[in-house]
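Below: one structure, written as structure tokens.
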Amino acid sequence: METVETVGNADGVQEQAAAEPAYEDLQARIAELEAQLKDEQLRALANEQNLRRRHKQEIADTHKFAGQKFAVEMLPVKDYLEMALLDQSGNFDALKMGVQMTLNELQKAFDATQIKEINPKAGDKLDPNIHQAMQAVAS
């Protein structure tokens, strides 16, 4: 029986050795995993750079198109002012009506671009969330 156990132990050792990968296999697997990790890191870095570039482009486009929208809204105002300068009739009431129409068109342009007038009262403190200081006056 001892002989059988010895053979059994020898088989067990051989099975255990076969179950454990060789040192070279482990090194190859480590190198493969490191290569995968490096590839994933490079891809993540490239993706981050692409996102930043796209974000900058979107911001630039937003500024560009916001300015174009405002310019389109201002075209009728320019046209009305040019017509007022060309008027040689001398009719003050017609000129006043034209200026009022121009002002109305300007207000529509401001409304369309969400520009609103804020009229602080004398003595109101500056609120940087609402106001923008234009000048400082000694009180």
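The values are calculated or read from the model by the stated rules, or taken from the named source; none is laboratory data. Only a predicted model underlies this, so the values are computations on that prediction, with no experimental measurement involved. Note that each Cβ is placed from the backbone with ideal geometry, even for glycine, and that neighbours are counted across all protein chains shown. With ligands, DNA and RNA removed, areas are computed over all heavy atoms of the protein, side chains included. Shrake-Rupley method; radii C 1.70, N 1.55, O 1.52, S 1.80 Å.
Structure summary
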{"read-out": "Nearby aspartates and glutamates by direct alpha-carbon distance to Lys108 (threshold 12 angstrom, same-chain neighbours under 8 apart not counted)", "value": "Glu73"}
{"read-out": "Angle between the chain longest axis and helix 92-112 axis [Cα atoms, degrees, rounded to 10]", "value": "10 degrees"}
{"read-out": "Cα-based helix-to-principal-axis angle, 2-19 vs the chain, degrees rounded to 10", "value": "20 degrees"}
{"read-out": "Nearest 10 degrees, 0 to 90: helix 23-86 Cα axis against the chain principal axis", "value": "10 degrees"}
{"read-out": "Computed over the chain, the ratio Rg/Rh where both radii use C-alpha atoms and Rh is Kirkwood", "value": "1.61"}
{"read-out": "Solvent-accessible area per residue, Å², over the chain with all protein chains present [probe radius 1.4 Å]", "value": "93 Å²"}
{"read-out": "With every protein chain in place, the chain: carbon and sulfur % of accessible area (1.4 Å)", "value": "58 percent"}
{"read-out": "Within the range 50-101, trypsin sites (Lys or Arg not before Pro) in DSSP loop having at most 10 other beta-carbon neighbours inside 10 Å", "value": "none"}
